[in-house]
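Colleague: Here you go, one structure.
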Amino acid sequence: MDETVIRIRNLHKRFGDLHVVKGVDLEVKRGERIAIIGASGSGKSTILRCLNFMEMPSEGTIELDGKLLGTEGRANGGRAGRIYSEAELCALRTRVGMVFQQFNLFPHMTVLENVMEGLITVKRTSKDAARSRATEQLTKVGLLDKLDAYPGKLSGGQQQRVAIARALAMEPEVLLFDEPTSSLDPELVGEVLRVIHALAEEGRTMLLVTHELGFAYHFADRVVFIADGVVHETGTADEVLKHPKRERTQAFLARFTERAF
Amino acid sequence: MKYQWDFPAVWNHFDMLVVGLVGTVKLAAVSIVLGVIVGFVVALMRLSHRRMLRAPATAFVEFYRNTPPLVHFFWFFYALPIMVGVSFEPFTAAVLALSTQSGAFYAEVFRGGIVSIEGGQWEGAKALGMSYREVMRRVILPQALRRMVAPFVDRSFELTKTTALASSLAYAELLYQAMQVNSITFRPMEVYTTIALMYFIVLFAASNLMRLVEYRLARAG
Amino acid sequence: MEYTWDFTVIVDAFPVLLRGLLVTVELWVLAFAIGLSLGFAVSLGRISGRPWVNAPAIGYVEIFRNTPVLVQLIWFYYAFPIVLGQQLSPFTAAALGLTLNTSAYCAEIFRGGIVSIARGQWEGAKAIGMTRAMTMRRVILPQVMKRMLPAFTNRGIELAKVTSLASLLAVNEIMYQGRLLSSTYYRPLEILTVVALVYFVLIYPGSYLSARLERRLAARD
């Protein structure tokens, strides 16, 4: 059970002169649910996005299932670093799924086609098998009646559930959620959180960047508080959210007046 | 085989190319001015409520948009004189071809600019008691003009490039002069590369200049 | 003076004009098909972040867009063979010039379409393991194709008109046949008018469709 799925060492990310992530170490165990919290601009989303290489790490290494990703070499700037081939990254991303704040569904495909797309083009699944697996996932997120609808016709909450089904269909070992409810109207947040909660019950390995501290408390085995691009405090939900040790964490939590835990 | 470049052979006749460049600019300038006049009249006709004005204007625009400029050059130079019994200088025929053709395109630019102004502007101005002419002059045109700048500039560049076709009527513009230099020097590579660069420098510099002007205008608006 | 029209020459000349039309169409199809594919490749260079891919692509596009097509055709016919060390047939030179010219314009259309798609679409596809090529084919292009269609149709229309310039390299397309016939029969008015009409009949359906398409797309947005 204590097997490590992802191990990040000394992760850095720079955007030009801006140093956003400044040396993060993190281990994710199989079946673990981690909530990553922190103020806007703290670098928490960037850390998550480096995990499936939506952003290329500027420095540091990432291991998946004990295997170090990339090969040693000189990166674009000529500095020593790791290089990653497109094939390696695409294969990795089928194992580490992601759900975005803005859903990023394909507007020219129906709900069903959106979920089938990765199965057909990436996994080369047959059309029939893809359809039945996609339908299964869409049933799970409660959208069986929307199979032939286009994303533009759905509410934000429904679109986000489609996006979750799309990620699930690839049968990833790890799921990343990048502020999945931040762009939703308040009344639509609940339906998405319920779906995420149900996935947590299944024992999936999940990382969630969120501002919903109440949800984070119930969801997470472990909470990681990020400030200024480093892990400032980490521990169980109780430890970090209820009895934070460090001042900065306390100050951050104090800003959330109505705590649901 | 190693090709021996000889650009000096061409540059010795650079004065001929300058004459050509002046010819190109002259032809383009005259055709743009006349084309704008033609375009303005045709645009007003197309916007008219009278079918008798609208129909011929539409036919005029469609004819020019759907036939090659080269045909117009030859038609004005070889065919029209037979009908009217007067022969034209190459320059005259080229100006006729270019200004009518660009007039058709300018007409679309003008019309497009005017119809792009929302109906609310007309209503708002009329509600103030302004007449049609006043609305057009004080409200619609000032807004429409700004939207016309970019397509107008594009069209004028197209026209300038099209002036090269006048070489086929033996009008001494840049390409024709280049052909003359080539027949003296037998250096087609150097001659045609030189004039391609001359066109490029003039057009590229002008288009960047116009982009700057457009940018200023857009910011002012 | 009264000019007596004589359209009977057209009856004699028509088979020759038709043969010319066939060459025109051949030239058009060839240059458009290859120009589109090549244009797509160039647009990939245009949107690349690597300067050594990006810079030549920009240079290519700007050179073809800022010099007259006729100069390009003449360059490929008279100048290019010198570096190539081999004479090109008029048709090959014309097809080459027209293709490259079209590809430069198409590259800009593709680029405009591709960059108009939000970055989130690339990310969404990336996150399910799609490669850049897959994303382009399955996600990006299907979304922009419709949006780019009017621009491509316009390009097709421009190209159809520009094929007439091949006549100046003595490619025996319809314009060339028209000029030849009008000097044989000494009936330029009738023959050139008919040539213009043939072009109109060839091109008008395309521009009519393009205008309708544009209106429909505009209405939907």
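Colleague: Apply the Karplus curve 6.51 cos²θ - 1.76 cosθ + 1.60, θ = phi - 60°, to the phi angles in the stretch A:243-249 and return the couplings in whole Hz, x for Gly and Pro.
Modeller: These are the phi-based 3J(HN,Hα) values: 10, x, 8, 9, 4, 4, 5 Hz.
Colleague: For residue A:127, which aspartates and glutamates qualify as cross-link partners when the Cα separation must be under 18 Å and same-chain residues fewer than eight apart are set aside?
Modeller: A:113, A:117, A:136, A:148, A:171
Colleague: Here is a further query. Which value at 222 nm does chain B reach when only helices count, each DSSP H run of 4 or more adding -39,500 (n - 2.57), with the total divided by all residues and rounded to the nearest 500 deg cm²/dmol?
Modeller: For chain B, the value works out to -25500 deg cm²/dmol.
Colleague: Say each of residue A:15 and residue C:197 gets a label point 7 Å from the Cα, pointing the same way as Cα to Cβ; how far apart are those two points in nm?
Modeller: 6.4
Colleague: How high is the relative contact order of chain C, in percent, with contacts defined as C-alpha pairs under 8 Å that are six or more residues apart?
Modeller: 29
Colleague: I've got another one for you. GNM, chain A, Cα, under 10 Å: largest mean-square fluctuation among A:157, A:16, A:235?
Modeller: Its mean-square fluctuation being the largest, the pick is A:16.
Colleague: For chain B, give the magnitude of the charge dipole about the Cα centre (Cβ charges: +1 Lys/Arg, -1 Asp/Glu; no others), in debye to the nearest 20.
Modeller: On the way: 20 positive and 13 negative charges, 185 e Å.
The calculated dipole for chain B is roughly 880 debye.
Colleague: If you stretched the chain out fully between residue B:131 and residue B:30, how much longer would it get, using 0.36 nm times the residue separation minus the C-alpha to C-alpha distance? Present the calculation step by step, with values, prior to reporting the outcome.
Modeller: Numbers: separation 101, 0.36 × 101 = 36.36 nm, distance 3.46 nm.
Extra length available between residue B:131 and residue B:30 comes to 32.9 nm.
Colleague: Moving to a separate point now. Can you find, among A:252, A:18, A:190, the residue farthest towards the positive end of the dipole of chain A? Put +1 on the C-beta of Lys and Arg, -1 on that of Asp and Glu.
Modeller: Checked the options; the winner is A:18.
Colleague: So what is the relative contact order for chain B, in percent, with contacts set as C-alpha pairs under 8 Å and at least six apart?
Modeller: It comes to 32 percent, rounded to a whole number.
Colleague: What is the distance, in nm, between label points placed 7 Å from the Cα along the Cα-to-Cβ direction at residue A:126 and at residue A:61?
Modeller: 4.3
Colleague: Apply the Karplus parameterisation 6.51 cos²θ - 1.76 cosθ + 1.60, with θ equal to phi minus 60°, to every residue of the stretch C:50-67 and state each ³J(HN,Hα) to the nearest whole Hz, in sequence, with x for glycine and proline.
Modeller: Values per residue, Gly and Pro as x: 7, x, 6, 9, 5, 4, x, 5, 5, x, 4, 4, 5, 5, 6, 7, 10, 10 Hz.
Colleague: 5 Å is the cut-off here: which amide hydrogens, built 1.01 Å from N in the peptide plane, fall below it relative to residue A:226, excluding neighbours closer than 5 in sequence?
Modeller: Here A:37, A:38, A:232 satisfy the definition.
Colleague: Follow-up question, since we're still on this one. If each Cα of the protein assembly as shown is one equal point scatterer, what is log10 of I(q)/I(0) from the Debye formula at q = 0.09, 0.11 Å⁻¹?
Modeller: Log10 I(q)/I(0), no solvent term: -0.94, -1.13.
Colleague: Can you give me the distance in nm between label points at residue B:58 and residue B:5, each placed 7 Å from the Cα along the Cα-to-Cβ direction?
Modeller: Placing both labels 7 Å beyond Cα along the Cβ direction yields 5.5 nm.
Colleague: Connecting C-alpha atoms closer than 10 Å in a GNM of chain A, tell me which of A:206, A:170, A:109 has the biggest fluctuation.
Modeller: Maximum fluctuation in the GNM of chain A, among the listed residues, is at A:109.
Colleague: Shifting gears a bit: Does chain C classify as rounded, prolate or oblate by the C-alpha gyration tensor (a ≥ b ≥ c root eigenvalues; a/c under 1.5 gives rounded; else a/b over b/c gives prolate, otherwise oblate)?
Modeller: oblate
Colleague: Another question about this same structure. Which ³J(HN,Hα) values in Hz, rounded to whole numbers, follow from the phi angles of the stretch B:183-198 under the Karplus curve 6.51 cos²θ - 1.76 cosθ + 1.60, where θ = phi - 60° and Gly and Pro get x?
Modeller: Per-residue couplings from phi come out as 6, 7, 9, 6, 10, x, 4, 5, 5, 6, 5, 4, 6, 4, 5, 4 Hz.
Colleague: What's the magnitude of the charge dipole for chain C around its Cα centre, counting Lys and Arg as +1 and Asp and Glu as -1 at the beta-carbon? Answer in Debye, nearest 20. Walk me through the intermediate numbers first.
Modeller: Working: 20 positive and 12 negative charges, 267 e Å.
Using only the charged Cβ atoms, the result is roughly 1280 debye.
Colleague: Kindly work out what percent of the DSSP beta bridges joining two residues of the protein assembly as shown are antiparallel, to the nearest 5.
Modeller: Looking only at bridges with both residues in the protein assembly as shown, the antiparallel portion is about 60 percent.
Colleague: With 10 angstrom as the radius, rank A:245, C:146, A:13 by how many other C-beta atoms surround their C-beta, starting from the fewest.
Modeller: By the 10 Å Cβ count, ascending, the order reads A:245, C:146, A:13.
Colleague: When a/c reaches 1.5 or more, the comparison of a/b and b/c decides; with that in mind, is chain A rounded, prolate or oblate per its Cα gyration tensor?
Modeller: oblate
Colleague: Cut-off 10 angstrom, C-alpha nodes, Gaussian network model of chain B. Which of B:177, B:143, B:121 fluctuates the most?
Modeller: B:121
Colleague: Another question, if that's okay. Averaging sequence separations of C-alpha pairs under 8 Å and six or more residues apart, then dividing by the length of chain A, give the relative contact order as a whole percent. Kindly include the intermediate steps, with their values, before the conclusion.
Modeller: Details: 480 pairs, mean separation 64.2, N = 261.
Taking the mean separation of contacting Cα pairs over the length of chain A, I get 25 percent.
Colleague: Using helices alone, what [θ] at 222 nm do you get for chain A, with -39,500 (n - 2.57) per DSSP H run of 4 or more residues, divided over all residues and rounded to the nearest 500?
Modeller: Helix-only estimate at 222 nm: -9500 deg cm²/dmol.
Colleague: Using the count of nearby Cβ atoms within 10 Å as a rough guide to exposure, how do C:84, A:208, B:80 rank from fewest to most?
Modeller: Details: C:84 12, A:208 26, B:80 19.
Ranked by crowding around the Cβ, least crowded first: C:84, B:80, A:208.
Colleague: I've got another one for you. Pull out the extension gain between residue B:123 and residue B:208, defined as 0.36 nm times the separation in residues minus the alpha carbon to alpha carbon distance; nm, one decimal.
Modeller: Details: separation 85, 0.36 × 85 = 30.60 nm, distance 3.81 nm.
Using 0.36 nm per residue and subtracting the Cα-Cα distance, I get 26.8 nm.
Colleague: Tell me the mean residue ellipticity at 222 nm calculated for chain C from its helices only (DSSP H runs of n ≥ 4, each -39500 (n - 2.57), averaged over every residue, nearest 500). List each step's numbers first, then the result.
Modeller: Details: 10 runs with 172 residues, N = 221.
So the helix-based figure for chain C works out to -26000 deg cm²/dmol.
Colleague: Considering only Cα-Cα distances, which of the following residue pairs are longer than 19 Å: A:29/A:140; B:161/C:161; A:140/C:126; A:13/A:44; A:22/A:44; A:153/C:126?
Modeller: On the way: A:29/A:140 25 Å; B:161/C:161 14 Å; A:140/C:126 24 Å; A:13/A:44 11 Å; A:22/A:44 11 Å; A:153/C:126 24 Å.
With Cα atoms farther than 19 Å apart: A:29/A:140; A:140/C:126; A:153/C:126.
Any read-out appearing in this document is the output of simple, stated calculations on the displayed coordinates, not a laboratory observation. Computed from a predicted structure; not experimentally measured. So basically every Cβ, Gly included, is an ideal-geometry build from the backbone, and we count neighbours across all protein chains shown.
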